[in-house]
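Read through the structure below, which is laid out as structure tokens, and then see the notes.
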Amino acid sequence: MDILSAVLFGIIQGAAEFLPVSSSAHLALCHSLLGLITPDCYPGFDVLLHLGTLAAVIIVYGKDLCGVAKGLFTAPKKLLKNRFRLDALENSERLAVFAVVATLPTVAAALLGMDDLSDTLALYPAAVGALLIINGVMLIIADLCKKQTVTAETVQYRHAAGMGLFQALATVPGISRSGATVTGGMLCGIKRQDAVKLSFIMSVPAILGACVLKAPELIRAQPDMQTLLVYGAGCAAAAVFGLLAIKLLVFVSGNSKFRYFSYYCFAIGAYAVFRGLNG
């Protein structure tokens, strides 16, 4: 792999990971329609791409994440003492509990073999395109949601479970993790901007989990210095474009609608279906 290819993958991973257009779909379509070799074919490269996107989240939500990290240690005692009532917790502790509960469906999906299903679907452009169209419909549904009253400071277990289930659905290529979780949050009654914030916070355990699972590949590969420099370029691109994507989605959530992303998903999805069905 050369630096230009690594940077290209970093841009795709960083931008599409956080914008509601599915990074896995774009990578799968680049492979099946353009013949590009995907990052997971380079041992350990996708680990560094995920670390780049993780860095972007930390830069934007570092203060909240520090509170969440502390809350993981202080919340259990308070929950046991107060019969698991979330209103007995501080805001950071509530976010910590939210992140844990929201991650459980994704863990269950992984144990049930959703990764294998995702790998299989990624081989068929028409399937990925159809899922992108579904993703676009989901974004329109998010725009149609009304009367959200729940905030990040008032979320309950059911809200965490709801967003977690939508995150588990986003395991397949074509369904955006951010788009699915924000839509799920809004369907559960969470305000749009708070749903976006919660979506990014709950992305951290998912990204960390992916890094942990893939890290042995990087260790076994023992890449030389030149390879690490190329991988590092991809990681930097993922971080920069991930940061820009987060800022853009936060801006859009407060000032506009998600329908513009849905139009993009419809266009790319339709093209992928057409190409997939017509060779």
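Any read-out appearing in this document is the output of simple, stated calculations on the displayed coordinates, not a laboratory observation. Fair warning: this is a prediction, and the values are worked out from it, not measured in the lab. Using ideal geometry, Cβ is built from the backbone for each residue, glycine included, and neighbour counts are taken over all protein chains shown.
Points worth noting:
- Of ILE141, LEU213, TYR264, farthest towards positive along the dipole that unit charges on Lys, Arg, Asp, Glu beta carbons give the range 120-279: ILE141
- Arranged from fewest to most other beta-carbon atoms within 10 Å of their beta carbon, PHE261, PHE18 become PHE261, PHE18.
- Counting neighbouring beta carbons within 10 Å and listing from fewest to most, the residues SER178, SER22 come out as SER178, SER22.
- Gained length - LEU213 relative to THR151, 0.36 nm times residue gap less alpha-carbon distance: 19.1 nm
- Entry note, the range 79-176: relative contact order of 49 percent, from Cα contacts under 8 Å with a spacing of 6+ residues.
- Calculated from backbone phi, Karplus (6.51, -1.76, 1.60) coupling profile of the range 130-138 in Hz, x at Gly/Pro: 4, 5, 5, 5, 4, 4, x, 4, 4
- Evaluating 6.51 cos²θ - 1.76 cosθ + 1.60 at θ = phi - 60° for every residue in the range 153-158, the Karplus couplings come out as 8, 10, 5, 10, 4, 5 Hz, glycine and proline recorded as x.
- This model, with +1 at the C-beta of Lys and Arg and -1 at the C-beta of Asp and Glu, gives the range 9-155 a dipole about its Cα centre of some 840 debye.
- Per-peptide average of other Cβ atoms within 10 Å, ordering 192-205, 104-117 highest first: 192-205, 104-117
- Dipole check for the chain: with +1 at the C-beta of Lys and Arg, -1 at the C-beta of Asp and Glu, and the Cα centre as origin, the magnitude is about 1180 Debye.
- Positive-end extreme of charge dipole, the range 1-148 - chosen from THR103, ALA75, LEU117 (charges on Cβ): ALA75
- Among the listed pairs LYS77/LYS197; LYS70/LYS214; LYS70/LYS191; LYS78/LYS197; LYS78/LYS257; LYS77/LYS146, those whose Cα-Cα separation exceeds 29 Å are LYS78/LYS257; LYS77/LYS146.
- In degrees, nearest ten, helix 192-221 long axis to first principal axis of the chain (Cα): 50 degrees
- The ranking of HIS26, HIS31, HIS50 from fewest to most other beta carbons within 10 Å of each one's beta carbon is HIS31, HIS26, HIS50.
- For the range 2-8, 3J(HN,Hα) computed residue by residue from phi via the Karplus equation (6.51, -1.76, 1.60; θ = phi - 60°) reads 9, 5, 4, 5, 4, 5, 4 Hz, glycine and proline entered as x.
- Note: relative contact order over the range 3-277, using C-alpha pairs below 8 Å and six or more positions apart, is 39 percent.
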